[in-house]
1. Considering B:Arg218, B:Arg213, which residue is more than 26 Å from A:Gly117 (Cβ to Cβ), at pLDDT 95 or above and away from ligand 1 (no atom under 14 Å from the Cβ)?
2. For the range B:86-105, enumerate the residues that are under 20 Å from B:Glu39 (Cα atoms) and assigned to a helix (DSSP H, G or I).
3. Before we move on, is A:Val238 within 14 Å of another protein chain (Cβ to nearest Cβ), in contact with a Lys or Arg (Cβ under 8 Å, 6 or more places away or on another chain) and surrounded by fewer than 22 Cβ atoms within 10 Å (Cβ to Cβ)?
4. If I ask for residues that are within 14 Å of ligand 1 (Cβ to nearest atom), in a loop (DSSP other than H, G, I, E, B) and polar (S, T, N, Q), which ones from the range B:153-179 would you list?
5. If a residue has to be without any contact (Cβ under 8 Å) to a residue 24 or more places away in the chain and either in contact with a helix residue (DSSP H, G or I) (Cβ under 7 Å, 6 or more places away or on another chain) or of a type in the set (S, T, N, Q) (or both) to count, how many in the range A:1-33 make the cut?
6. Please give the helices (runs of 4 or more DSSP H) falling wholly within the range A:36-154 in which 3 or more residues are within 14 Å of chain B (Cβ to nearest Cβ), within 16 Å of ligand 2 (Cβ to nearest atom) and closer than 25 Å to B:Pro152 by Cβ.
7. Any residue in the range B:145-152 that is more than 22 Å from A:Lys135 (Cβ to Cβ), touching a strand residue (DSSP E or B) at 6+ places or on another chain (Cβ under 8 Å) and free of Cβ contacts under 8 Å to residues at least 40 places away in the same chain?
8. Among the listed residues B:Leu217, B:Leu150, identify the single one that is in a strand (DSSP E or B) and not assigned by TED's automatic domain parsing to the domain that holds B:Cys34.
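The values are calculated or read from the model by the stated rules, or taken from the named source; none is laboratory data. Predicted model, so just to flag it, every value in this text is computed and none were measured. Here the Cβ positions follow ideal geometry from the backbone for every residue, glycine too, while neighbour counts run over all protein chains shown.
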Amino acid sequence: MKLTDLFKEDIFVVTGEVGPIKGALSRDKSKVPQCVKEAELLKDHVHAVNVTDNQSAVMRLGSMFASVGLKNRGIEPIYQLTCRDRNRIALQSDLLTAYSFGIDNVLLLTGDHIQLGDHKEAKPVFDLDSVQLIKMARKLNEGYDLTGNKLENPIDMALGAVVNPNFEPLELQLLKMKKKVDAGAEFFQTQAVYDEGVLERFMNLASRFNRPIQLGVVVLKSPQMGNFMNKNVSGISVPQAWIDEIGSVDKADRKKKAAEMMGRFIGKVKHMVQGVHIMPLGWSDIVPKILEYAEIEAKQAA
Amino acid sequence: MHATIQKPIDEIVSFIKPGEKVFVVGCNNCAWKCHSGGEDETRKMAERLIKRGVDVVGYSVPGPQGMSLCKLSNTRQVLQENYKEQVNKADSFLVLACGQGVHTVIDATDGALVHPGCDTIFGGETVSENEIEEFCSLCGECIIEYTGGLCPMTLCAKQLLNGPCGGAENGHCEVDEERPCGWIMIYERLKKLGRLELIEGYLGPKNNAKWSRPRSLRVSPTEATFCSIAGRITVSNQD
Ligand code: SF4
Ligand code: SF4
């Protein structure tokens with residue numbers, strides 16, 4: 001199922017996210033990897049689940065294999081593909097392979113820099129940037145490779161991209177967003193936003209591109225996490241009021257509080273966007289509660 | 001200029017076998033500016049090696065201040081004529097210069113054994129006496145007309161050609177909070193110049209063949225031929 005089909009029907013699209021495990025799939029079938037467990041918790045509540053690609057440049061199980069794994073379990077994957085570790089040959093080949101495995105949605109990103117990860121001495125590839133990557137994927141959709149050679153069978157995938165509403169200067173971020181739209185991006189997921197004003201300012205400027213935009217939210221689990229993200233996670237800023245609120249309850253009650261806070265925020269701003277992308281960072285079990293608080297009917301018409 | 005830094009002395013000493021006779025060569029241009037292989041550093045390196053028991057047969061920084069070690073004709077003449085006696089005694093040459101300089105010494109000595117005394121780190125602008133900054137990555141296909149003269153291949157940690165990633169924070173790069181985001185620098189500069197339209201256009205993928213090694217250049221007063229795996233590209237400087 002292509003996400004773009006849902007947007008076309010004006011469905012408020014809800015997606016989650018899992019990160020593949022650090023390790024291989026066990027031959028012992030009774031051992032279910034954590035990412036699958038998390039995805040199973042999301043299954044009946046979201047339309048699709050993003051599968052991250054060596055997120056934060058930490059080496060892990062491949063996003064393509066994990067995406068296929070979810071698909072086989074009836075969970076719609078959004079396969080994330082970054083430019084950090086693959087040149088243009090590998091990027092195209094991986095997209096052909098992903099499509100051949102039945103994957104319908106791809107999120108095309110630059111990728112975090114190698115310096116943020118656990119193999120700091122690796123060679124950064126960045127042969128293409130995200131705009132060039134999107135254009136490349138569109139060409140594959142149209143039946144041609146990057147140099148114009150005809151494909152035996154084209155791919156047919158929904159092409160997603162990312163944008164950061166927190167970025168300063170916003171005009172520069174919008175300039176890049178426009179290039180992504182022109183290159184062929186069909187829907188957007190935003191970086192995590194915690195501020196209604198930031199989202200409003202962004203949506204006022206970005207709606208002219210006429211592409212569905214999903215608000216990105218990262219579940220805030222603790223005040224420590226808020227402070228950590230402010231210090232270490234590029235492009236995200238967590239307001240002090242959020243940090244204070246999650247800190248106002250005991251550890252044992254944080255899940256409940258987080259669900260309430262995230263849900264309240266999403267509920268308040270959902271009219272501005274065409275969907276929400278929830279990054280639970282392991283707390284997939286609270287996603288149904290978040291949606292309940294936000295008064296979003298789970299998986300409408302999915 | 002080629003920016004270089006000296007290797008740690010212990011690493012340099014580890015290159016030299018017991019009893020090996022070493023001639024130390026510096027460079028009076030770039031390595032002089034970097035204090036990695038000018039006259040003072042070359043003399044001092046000879047002394048530091050002697051102190052550690054290395055048999056140093058001589059040292060030289062060929063040519064006057066401003067002369068590059070990588071100018072083969074000069075380096076050959078100085079080593080083979082002015083320092084003939086010491087050079088003939090040498091088993092090897094420790095070169096305090098960039099990798100081009102090291103190779104120049106191979107050529108100037110008709111193939112002698114060389115040891116690199118420096119790490120060559122980049123080609124840069126001598127911004128001041130104590131600041132050298134990298135602004136070009138020598139990609140062979142310059143696109144900075146479209147980025148206000150600031151190179152995203154060099155100033156952006158991800159070498160993005162079509163605008164910033166989402167990671168910049170307070171104007172700084174996601175990779176290094178000490179460094180400004182190259183794309184914000186490009187944007188601010190073009191905004192000031194009233195030329196923001198320059199970065200609105202799409203830049204296609206780079207031709208990496210022009211950047212693959214090795215590369216060479218044949219020049220004449222009117223014509224130059226750039227050879228790489230992208231082929232031979234001949235350009236004229238005439239009408
Ligand atoms: S585009 Fe290439 S040639 Fe031009 S400044 Fe950058 S690296 Fe140097
Ligand atoms: S923060 Fe700026 S300089 Fe750093 S990688 Fe992103 S776009 Fe490039």
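1. On the way: B:Arg213 fails: at pLDDT 95 or above.
The match here is B:Arg218.
2. Within the range B:86-105, B:Gln86, B:Val87, B:Gly99, B:Gln100, B:Gly101, B:Val102, B:His103, B:Thr104, B:Val105 meet the criteria.
3. Numbers: within 14 Å of another protein chain (Cβ to nearest Cβ): yes; in contact with a Lys or Arg (Cβ under 8 Å, 6 or more places away or on another chain): no; surrounded by fewer than 22 Cβ atoms within 10 Å (Cβ to Cβ): yes.
No.
4. B:Gln159, B:Asn162
5. The qualifying residues number 2.
6. Values: elements: A:63-72, A:88-100, A:130-142.
Here the list reads A:130-142.
7. No, that holds for no residue.
8. Working: B:Leu150 fails: in a strand (DSSP E or B).
On inspection, the qualifying residue turns out to be B:Leu217.
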